[in-house]
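Enquirer: Here it is, the structure in full.
The values are calculated or read from the model by the stated rules, or taken from the named source; none is laboratory data. Note that the structure is predicted; figures quoted are calculated from it, not measured. Here Cβ is always computed from backbone atoms with ideal geometry, including for glycine, and neighbour counts include all displayed protein chains. SASA here: full protein model, heavy atoms, side chains in, ligands and nucleic acids out. Shrake-Rupley method; radii C 1.70, N 1.55, O 1.52, S 1.80 Å.
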Amino acid sequence: MVNHVFNTVRTPDNMAAVPDTTPPDGKMQPYIATQGTPRNGRLAGRTIAILATNGVEEVELTEPVAALRQAGAQTVLVSPTHGSIQAMEADVHPTHRYPVDLLVAQAHARNFDGLVLPGGTTSPDHLRMDDDAVRFVREFVQADKPIAAICHGPWTLINANGVRGHRITSWPSLRADLTNAGAHWVDEEVVTDGALVTSRNPHDLKAFCPAIVALFAAAPHHAPQ
């Protein structure tokens, strides 16, 4: 697998919008953040998949990616959508577009050390209806590889049979869905249960981001270099 790096993160000192420029050859030009991935850190050498599509809550995409990159990880934006995806604020306000690194139909968990499922209502709802996206998440579940999900992100985990027996949190409206799927739902800022970390909403990112770095750092390193 070609190890594409998701380079669309805006750091606190780099708030320029991601350019949405498609040249004549149809290839999206990646936006290169002014701060690159550190060569050392707790997650150095690890590759983390970020699974999202149109409608993803922007801050739940960019802040976890920034934290992972700061810890030394490479991140790959995986999506069923070709080209780029539209991020949103509070589900209804379009923000920026982010170039897709890898189509989910071509993605396999064996090439990654972990998975992040950002929220927003629309993105997870589309993902849970996409056979390749569900298959991709299921591969992480079956391999017991670490998964982090925030807000509506656990929706896709339900379809991938990844919540039964887990203590888990989410956006409150998912409580019944998760409970019916066999999870023990709790209303907490961040919950770590085995190879799964979950949080409720963007206000929890200050706890979610350190928790996912710790989760991925503690897991065995699997992805090929």
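Enquirer: Scanning region 170-198 for residues that are of a type in the set (Ser, Thr, Tyr) and more than 18 Å from Ser123 (Cα to Cα), which turns out most open to solvent (accessible area, probe 1.4 Å)?
Expert: Filtering region 170-198 for residues that are of a type in the set (Ser, Thr, Tyr) and more than 18 Å from Ser123 (Cα to Cα), the one most open to solvent (accessible area, probe 1.4 Å) comes out as Thr192.
Enquirer: Of all residues in region 35-80 being buried (at least 19 other Cβ atoms within 10 Å of the Cβ) and among the polar types (S, T, N, Q), which is nearest to Asp125 (Cα to Cα)?
Expert: Thr53
Enquirer: Among the listed residues Asp91, Asp144, Asp130, Asp125, identify the single one that is among the charged types (D, E, K, R) and either open to solvent by less than 10 Å² (accessible area, probe 1.4 Å) or at pLDDT below 95 (or both).
Expert: Checking each option against the conditions leaves just Asp91.
Enquirer: Kindly establish whether Ser79 is among the hydroxyl-bearing types (Ser, Thr, Tyr), free of Cβ contacts under 8 Å to residues at least 40 places away in the same chain and more than 19 Å from Ala217 (Cβ to Cβ).
Expert: Here the answer is yes, as Ser79 does meet what is asked.
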